[in-house]
1. Evaluate the range A:252-266: report whether one residue or more is of a type in the set (A, V, I, L, M, F, W, C), part of a helix (DSSP H, G or I), surrounded by fewer than 23 Cβ atoms within 10 Å (Cβ to Cβ) and outside the structural domain of A:D74 (by TED's automatic domain parsing).
2. Looking at (1) under 30 Å from A:S269 (Cβ atoms); (2) β-branched (V, I, T); (3) out of contact with any strand residue (DSSP E or B) (no Cβ under 6 Å at 6 or more places or on another chain), which is the only condition A:I240 fails?
3. Determine, yes or no, whether A:I321 is outside any helix (DSSP H, G or I), closer than 17 Å to A:D231 by Cα and in contact with a Gly (Cβ under 8 Å, 6 or more places away or on another chain).
4. Kindly indicate which of B:R10, B:R6 is within 14 Å of another protein chain (Cβ to nearest Cβ) and more than 25 Å from A:P31 (Cβ to Cβ).
5. Can you name the residue in the range A:278-303 that is surrounded by fewer than 20 Cβ atoms within 10 Å (Cβ to Cβ) and outside any helix (DSSP H, G or I) and, of all such residues, is farthest from the chain's Cα centre (by Cα)?
6. Among the residues of the range A:519-578, what is the count of those that are touching a helix residue (DSSP H, G or I) at 6+ places or on another chain (Cβ under 8 Å), under 18 Å from A:F443 (Cα atoms) and assigned to a helix (DSSP H, G or I)?
7. Residues that are more than 13 Å from B:R7 (Cβ to Cβ) and β-branched (V, I, T): find the helices (runs of 4 or more DSSP H) completely inside the range B:26-75 holding 1 or more of those.
8. Out of B:S25, B:S20, B:S37, B:S65, which single residue is out of contact with any helix residue (DSSP H, G or I) (no Cβ under 8 Å at 6 or more places or on another chain), surrounded by 13 or more Cβ atoms within 10 Å (Cβ to Cβ), farther than 20 Å from A:N206 by Cβ and hydroxyl-bearing (S, T, Y)?
Amino acid sequence: MKLVEAIETLEQSLPPQSPLLHVQLACGFTPLHLSTFLSAHLRLEFPDRKIVIRTGVFGNLAGNLERLENADADAVAVSVEWQDLDPRLGIRRLGGWAPKQLPDIVRNARAQADRVSESLERIAQSKMIALALPTLPLPPLAFTPGWQAGSLESDLRGIVAELSSRLARVAGIRIVSAQRLDRISPPPARFDIQSELRTGFPYSLNHADALAGLLARMIRNPSPKKGLITDLDDTLWMGILGEVGVENIAWDLDHHAQKHGLYQQMLASLAAAGVLIAVASKNDPALVEEAFHKATPILDQHRIFPLEIHWGAKSESVARILRAWNIGADSVVFVDDSALDLAEVKAAHPEIECRLFPRDNDKAAYELLEDLRDLFGKQALSQEDEIRLESLRAAHAANEADVSPRSSPERFLKEAGGKLQLSFAKNPADPRPLELINKTNQFNLNGKRHTEASWKRYLSEPQVFVLVASYEDKFGPLGKIAVLAGRRDGGMLRLDHWVLSCRAFSRRIEHGCLLRLFEKFDAQEAACDFVATPRNGPLQEFFTELLGAAPGPGCSIRRKQLLKCPPVYFEIQEVADE
Amino acid sequence: MNDAQRRLSRCFSAVFPGLSREQISAVSVETTEAWDSVASVTLISLIQEEFGIDLETDAIDHLVSFGAILDYLNGLPERS
C-alpha cells in the first residue's frame, strides 16, 4: 500500500454509529506514517469499525508503555527499536561509540529490555498486544568490521532474543515474525536516514507499510481454518495408486518425491494440532486401505476422518465430509493436484479455499506448506484441539447408534452415561469461552463477537455471570462446548451470549445448562438478546420448541416454560473453579 | 492538467482533503493554516513516493507552494 492509498483509505466514510476500535500505538520515535499505515491496515481488517489510534510521547517508549497499563484500549501495537534500549544505538543522540562505552550500552540495553518486558506483561493482563522487536540495522558503533558479528552485536541480539522468547509465552502478546518481515520488507531498504534526521521517523514508507500490515493482522487475529480435505494420488503421495500399485507410491528423497513427504509431515502436524483431516480421492477403496497398511505413510490413517474413496464427483465427497464434520465450507481447505477437480469442488462449494498441489514444482510445493501454516496457524493449543477428532468420531458413532433400528433417541441418551460439568468461574485467562463465542454460528443467540479486550472488560463487570459447560459420555469427552453469559438483576437474568458447539448437539446440553442456570440464580425469567442470523437456525428451532413460537428481538424465557424441557439423562456437576 | 500536475494534485488532496482542485493549485504555506509541520512531512513523503525521487534537504526548504513544487518537478531531468 502506498502512503497516498493509506490516506485515501482513511478518508472513506463510515456510518456515524460505527463502533470504535481504540488502538494504542507505542513507540519511541515519531509515529507519523506508521500510525497512518496502521490505521489504514486496521480499517481494511475491520471494515465496519472506526479506527482510533492514540500515540505517546517522543523518545520514551518505556514511559509510554508504563502509562498504557491503565489506559483504555482494545489493543496495543508496540514497535521497539534499538534506540529504545539505549539512545546510543540510534543516530539522533551523540552519546559516544567509544569501545570503552560498549559494555555500558549492553548493560543499559539489558535493563531497558527488562523494563519493557515487565510493562508488556502487565499490559497483557488486560489488553491484546501486537509487538515488533527491533527491525532496523544496528548503527556502525562496534569496533569490528561490518561483516563480522562482534561481541556487541551478539550480546544485543541475545538480549532481544531473550526478550522475544520470554514474551512469546505470555498470553495476549503476539510478536511479529522477523522471518516474515524479512520477506516483505528487505532489511537493507528499511532505514530512511534522511527522514530520521529531519523528522525522527526512521522507517522507509515500504517498511512502515509492511510492519503496520503485520501488526494490524495480529490485532485482528484471523480465525484459523478448521479442516483440510486432501487428494491422495500425486498429492499425498507420488504416483497413481491404481496404475503403479502400493509398492511404487513414494514420498521420499530416493524417489524424488520428498515434497509429498513434507506435505504428509505438515498434515500430520496440523492433525496433531486439532485440524480435521479428510481424504477425497477417486480411487479403489481396497487399494487405498492396503496402501495405508502396507506403505505406512507419515500421515497415519487414524488421523484421517472421514475417507471418501470412490469414483464419484469430488464435490459430493466434500459435501459428505462437511456433513460429517458439521462445519461450513468457509472453514475448510481442499488440496488436489487436479485443476479440474479443484474447479469442480469450487463450483459446488464457493466458500471453500482450494489449493493446487504442484506435483512438478518443488518451490511451489514448499510455498504451499507455508500457505497452509498461515491458513491453519493458531496462537496456542487447547485441550479441545487434542480431543477434537476423537470427539467427532464419537459423535459420528453416537449418531450411527442413534439411528439404528434397535435404538430410540431416549434410550440412546439414557445409555450414553453423560456428565455435564458447569463452571461459573469468570476466568479471563481461559481462551476457550471467547473462542466459542467468536467461532460458533449455528447455536448462537445473536452472532455477536468480542475482541480479547472487550471480553476482558465484559468479564470485569460485577453483575456479569458466565457459565462454561464441559461434557463427556461413554463415546468420549467433548471438552468445553457451551457458554452462557449475561447479567443478573435480582430474579431477572439478561442473556447476552449463548453458544453451543455443533459437536454437542442432540444431547440436550442446552436444556441442562438452562435448567441449572435458573436454579443457580433462583431466576424467574431470562431476557435474551436474540438476533436472527443467517446461520443460527438450530438455536431458533430450540427457542421455537421451548417458547411455543418463533423467537424475536427481546424474547424471554420464563421459569414455567422450563417445564417443557425434555428430560436430561446426564449427571450435572458444578465445579467451583479451575 | 498535465500528468505531473494531476499526480501532485492527488498528493495535496490526500493531505488537504477539504480543498477543491482549484484551491489546491493555489495553495501555499502562507495561505493554508493546515499546512503545518506534520502536513509538510507527509506531503514530502507522498511526493517522493509518487514521483520516485529523493528530495534533498536544501530543496525541501523551498517547496512552499503547489506551484513551486510543480515547477521543481517539471525541472527534474527525464527518468528513463
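The values are calculated or read from the model by the stated rules, or taken from the named source; none is laboratory data. Nothing here was measured: the structure is a model prediction, and the numbers come from that model. For neighbour counting, all protein chains shown are included, and Cβ atoms are generated from backbone atoms with ideal geometry for every residue, glycine included.
1. Taking the range A:252-266 first, the residues of a type in the set (A, V, I, L, M, F, W, C) are A:253, A:257, A:262, A:266.
If we keep only those that are part of a helix (DSSP H, G or I) too, we end up with A:262, A:266.
Retained after the next criterion (residues that are surrounded by fewer than 23 Cβ atoms within 10 Å (Cβ to Cβ)): A:262, A:266.
With the extra rule that they be outside the structural domain of A:D74 (by TED's automatic domain parsing), the set shrinks to A:262, A:266.
Checked against the condition, which is being of a type in the set (A, V, I, L, M, F, W, C), part of a helix (DSSP H, G or I), surrounded by fewer than 23 Cβ atoms within 10 Å (Cβ to Cβ) and outside the structural domain of A:D74 (by TED's automatic domain parsing), the range A:252-266 yields at least one hit.
2. Against the list (1) under 30 Å from A:S269 (Cβ atoms); (2) β-branched (V, I, T); (3) out of contact with any strand residue (DSSP E or B) (no Cβ under 6 Å at 6 or more places or on another chain), A:I240 comes up short only on (3).
3. Working: outside any helix (DSSP H, G or I): no; closer than 17 Å to A:D231 by Cα: yes; in contact with a Gly (Cβ under 8 Å, 6 or more places away or on another chain): yes.
No; evaluated as a whole, the condition is false for this residue.
4. Values: B:R10 fails: more than 25 Å from A:P31 (Cβ to Cβ).
Selected residue: B:R6, the only one of B:R10, B:R6 that is within 14 Å of another protein chain (Cβ to nearest Cβ) and more than 25 Å from A:P31 (Cβ to Cβ).
5. A:D284
6. Result for the range A:519-578: 5.
7. On the way: elements: B:37-51, B:57-60, B:66-74.
Correct list: B:37-51, B:57-60.
8. Working: B:S25 fails: out of contact with any helix residue (DSSP H, G or I) (no Cβ under 8 Å at 6 or more places or on another chain); B:S20 fails: surrounded by 13 or more Cβ atoms within 10 Å (Cβ to Cβ); B:S37 fails: surrounded by 13 or more Cβ atoms within 10 Å (Cβ to Cβ).
After applying the criteria, what remains is B:S65.
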